[in-house]
Amino acid sequence: MPLIVGEGHQPGPTLLLTALIHGIEIGGYDVINRLMHEELDFRKVRGRVLAIPVVNPFALGASSRFTPQDSADLNRVFPGSAVGTLSQRVAHTLVDVFVKEADYVIDFHSCNPPSCVFTIVDDAANANVQHVSLGMAKAFGAITVTPAGHTPGTFSGYLSEIGKPVITPELVFSRRFDPDSSEAGVVGVKNVMKYLCMLDGEPVPLPNAIPFGERLLYTSCFANTGGFIYFRKYVGDSVEKGEVFATVHNVFGEKIDEMVSPVSGLIIAYPMAGNQAVTTGDKVAYFASAQVERR
């Protein structure tokens with residue numbers, strides 16, 4: 001794993017930045033590269049920044065979300081194992097070598113457009129960890145969500161379990177850099193460093209992003225039938241529970257299904273890699289809704 005170390009000129013905490021757990025989500029690399037080589041003046045930093053621009057070089061080389069040698073999603077095998085599969089060994093190395101050195105973690109991922117920049121904060125059993133993670137998310141500045149259900153083996157979930165405050169910003173685009181999204185990531189990290197007293201100053205509004213308001217619930221919606229999908233709502237639009245946000249059509253152009261929102265809230269992404277031809281079970285939309293929607 002490549003490591004870039006930025007040592008501040010004054011004592012302070014250690015912030016770990018990670019990207020490319022999934023080999024197609026390259027946006028975090030651009031953010032880390034800009035921060036470590038252009039944006040941060042370490043003479044003014046308290047503490048240090050550990051940056052891993054490519055966590056999973058195997059998946060990156062294959063241009064795949066998954067580690068090709070074992071077909072595993074690295075973000076489902078944490079904390080990993082020193083004697084397990086390749087993905088488990090990568091996860092174990094990240095945890096055993098780097099995480100133990102960190103006080104705080106920002107793990108970058110990417111969501112295909114149409115989408116907006118948003119931040120994920122897991123539920124944490126430790127109230128203090130939850131408080132600090134939410135403080136980091138608020139400082140970062142983007143709309144913030146907590147998953148409606150538990151997904152085992154995620155990096156952020158594991159960090160929350162062991163008491164490490166962590167946020168997971170989801171940038172826009174896979175396989176390419178998006179200037180607006182990269183700028184939001186750079187500004188967001190510097191905002192978090194101000195919150196952690198690693199930099200002087202106050203957080204500034206995040207450019208080109210829906211701002212943080214309160215922690216919302218993160219819900220996915222899946223296609224019930226295959227076909228060609230037409231959206232009636234756009235990313236950032238509000239939607240009511242039960243409202244039609246998209247329709248699915250067959251090869252003859254006939255409408256065969258209406259997709260309805262499972263919650264009242266905002267549409268934050270259509271994570272379909274630019275493909276409006278869907279199959280049954282495809283993940284079509286992400287929603288952010290008030291916590292009362294939790295089921």
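The values are calculated or read from the model by the stated rules, or taken from the named source; none is laboratory data. Being a predicted model, the structure only gives us computed values, none of them experimental. Note that each Cβ is placed from the backbone with ideal geometry, even for glycine, and that neighbours are counted across all protein chains shown.
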So for the stretch 160-174 (the condition being part of a helix (DSSP H, G or I) and out of contact with any Phe, Trp or Tyr (no Cβ under 6 Å at 6 or more places or on another chain)), does at least one residue qualify?
yes
If you check every pair at least six apart or on different chains, which have Cβ atoms under 7 Å apart with a residue in the stretch 11-36 that is within 16 Å of Phe173 (Cα to Cα) first and a residue that is outside any strand (DSSP E or B) and acidic (Asp, Glu) second?
Gly27/Asp178
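Among Ser156, Ser160, Ser174, which is the only one that is in the same structural domain as Gly23 (by TED's automatic domain parsing), buried (at least 16 other Cβ atoms within 10 Å of the Cβ), without any contact (Cβ under 8 Å) to a residue 40 or more places away in the chain and among the small types (Gly, Ala, Ser)? Let's see the steps before the verdict.
Numbers: Ser156 fails: without any contact (Cβ under 8 Å) to a residue 40 or more places away in the chain; Ser174 fails: without any contact (Cβ under 8 Å) to a residue 40 or more places away in the chain.
Result: Ser160 is the single residue among Ser156, Ser160, Ser174 that is in the same structural domain as Gly23 (by TED's automatic domain parsing), buried (at least 16 other Cβ atoms within 10 Å of the Cβ), without any contact (Cβ under 8 Å) to a residue 40 or more places away in the chain and among the small types (Gly, Ala, Ser).
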One residue is enough: does the stretch 113-132 have a residue meeting the conditions surrounded by 22 or more Cβ atoms within 10 Å (Cβ to Cβ), more than 30 Å from Asn275 (Cα to Cα), within 15 Å of the chain's Cα centre (by Cα) and not polar (S, T, N, Q)?
no
Matching residues in the stretch 69-81 - criterion: being surrounded by 15 or more Cβ atoms within 10 Å (Cβ to Cβ) and free of Cβ contacts under 8 Å to residues at least 24 places away in the same chain
Asp70, Ala72, Gly80
In the stretch 176-199, what residues are touching a strand residue (DSSP E or B) at 6+ places or on another chain (Cβ under 9 Å) and among the charged types (D, E, K, R)?
Asp178, Asp180
Could you pull out every one of the strands (runs of 3 or more DSSP E) wholly within the stretch 66-124 that has 1 or more residues that are acidic (Asp, Glu)?
104-107
Could you tell me whether the stretch 73-95 includes any residue that is over 23 Å from Pro2 (Cα atoms) and acidic (Asp, Glu)?
no
If I filter the stretch 228-241 for residues that are of a type in the set (S, T, N, Q) and surrounded by fewer than 15 Cβ atoms within 10 Å (Cβ to Cβ), do I get at least one hit?
yes
Among the residues that make up the stretch 257-277, is at least one of them assigned to a loop (DSSP other than H, G, I, E, B), in contact with a Gly (Cβ under 9 Å, 6 or more places away or on another chain), without any contact (Cβ under 8 Å) to a residue 60 or more places away in the chain and under 24 Å from Lys138 (Cα atoms)?
yes
Taking the condition farther than 21 Å from Val117 by Cβ and buried (at least 19 other Cβ atoms within 10 Å of the Cβ), does Val248 pass?
yes
